[in-house]
1. Helix-only mean residue ellipticity at 222 nm, the chain, DSSP H runs n ≥ 4 weighted -39,500 (n - 2.57), per residue, nearest 500. What is it?
2. Can you give the accessible area per residue of segment 156-248, in Å², using a 1.4 Å probe?
3. Can you order the peptides 138-145, 290-297, 64-71, 260-267 by their average number of other Cβ atoms within 10 Å per residue, highest first?
4. So with the 1.4 Å probe, I'd like the accessible area per residue for segment 16-123, rounded to whole Å².
5. For segment 231-290, what's the relative contact order in percent, using C-alpha pairs closer than 8 Å and at least 6 residues apart?
6. Report the percentage of all Cα-Cα pairs in the chain whose separation exceeds 33 Å, rounded to a whole percent.
7. Sorted by average packing, counted as other Cβ atoms within 10 angstrom per residue and highest first, what order do 82-92, 269-279 take?
8. For K110, go through the lysines and keep the ones whose alpha-carbon is under 20 Å away, minus same-chain ones fewer than eight residues off.
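The values are calculated or read from the model by the stated rules, or taken from the named source; none is laboratory data. Owing to the predicted nature of the structure, the values given are computational and were not obtained by experimental measurement. Glycine gets a Cβ as well: all are built from the backbone with ideal geometry, and neighbour counts include every protein chain shown. All accessible areas refer to the heavy atoms of the entire protein, side chains included, with ligands and DNA or RNA removed. Shrake-Rupley method; radii C 1.70, N 1.55, O 1.52, S 1.80 Å.
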Amino acid sequence: MPTTSALFTPVRFGPLTLPNRIMVSPMCQYSAVEGLPVDWHLIHLGSLAISGAGLLCLEATAVRPEGRITPGCLGLYSDGHAAALQRVVRAVRSVSSIPLALQLSHAGRKASSRAPWEGGALIPAAQGGWQPLAPSALPQRPDEPPPRAMTARDIADVVESFAQAAGRARELGFDAIELHMAHGYLLHQFMSPLANARDDAYGGSLDNRLRLPLQVFDAVAQAAGPGIAVGARLSATDWVEGGWDVAQTIEMGKRLQARGCAFLDISSGGVSYQQKIPLGPGYQVHFAAQVKREVEIPVVTVGLITDPAQAEQIVAQGQADVVALARGFLHDPRWPWRAAAELGGTVAVPRQLLRALPAGHAPIFGDVKIGQR
């Protein structure tokens, strides 16, 4: 059934075609045990897999144990972690054809944190935490002990760990990888002058501050192979004077595009406790629009996008190619159904759900015929 909705048209991320332009944004669940997924991940991701979205991206997954944000964050730093995650991937694949992405991350100085519902503060080593690593010995907050500044060996290990995790993601059958270069985590820390005070080849000039993130991208793209769409999430601004900004984001986007990046996911903030963010519906969309005007690869926007008409307008007006929701999906796991009904689109669902629509509902599943004797 043809649609007049821009939100429900396909889009390509490099080698991957998404059936629509709705993305389930990666959402940390803080529920893993030693980096391993638990039953909660199976139920949570299974629900989102049958939502009708065009892409489901798993939560930030650490490439090294010390790179976890919290003790409850997922990891993919061993074959054992891959085996545990394989159970989740197989279950999702058995009920849904939704494309799957994995966000690979290293938390840097924001590692060893308590879960948000426990306050989110740094966990001291004496209380089960660990020593965070960072570009420089600059703490996330002034009342915290400083992280350990990374050595050349540490940097090389991180690049190799990202590559190894990407190889495991390829073996697990993921369709896409999103590299977390935003929200104040390690790669963003190297990019932002607020967190990077190094005086070697990885600090100072923009070229130097971008060196590690670009090395990571190259290593991941090689390990993932040509069949996987490799993209990046970027914070468009630190929301602090003298920090990372939109102009630098655009430059980074162009450099990533030149290396074969399949998509850019534009968010903001996270590197400084001094940030002042003017929250409101779609408050980051204008950043995505600025980036989209300067690059030729798909751009994703995210942040307080909850209304289908709002999402449709963003895509139809060319401000972004894909709209990502996180908390919106936690509140309404069938958000794409509602959007399809309002906008005249269709969504793919498992056959077990084809009888779900009440009489007179918009035909969001397409031309479906149900019979029974």
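1. -9500 deg cm²/dmol
2. Computed with neighbouring chains in place, this is 31 Å² per residue.
3. Ranking the peptides 138-145, 290-297, 64-71, 260-267 by packing returns 260-267, 64-71, 290-297, 138-145.
4. Dividing the accessible area of segment 16-123 by its residue count gives 33 Å².
5. That works out to 44 percent.
6. Result: 27 percent of Cα pairs exceed 33 Å.
7. Taking the mean over residues of other Cβ atoms within 10 Å, the ranking is 82-92, 269-279.
8. The reachable lysines, counting only those whose Cα sits under 20 Å from K110, are K276.
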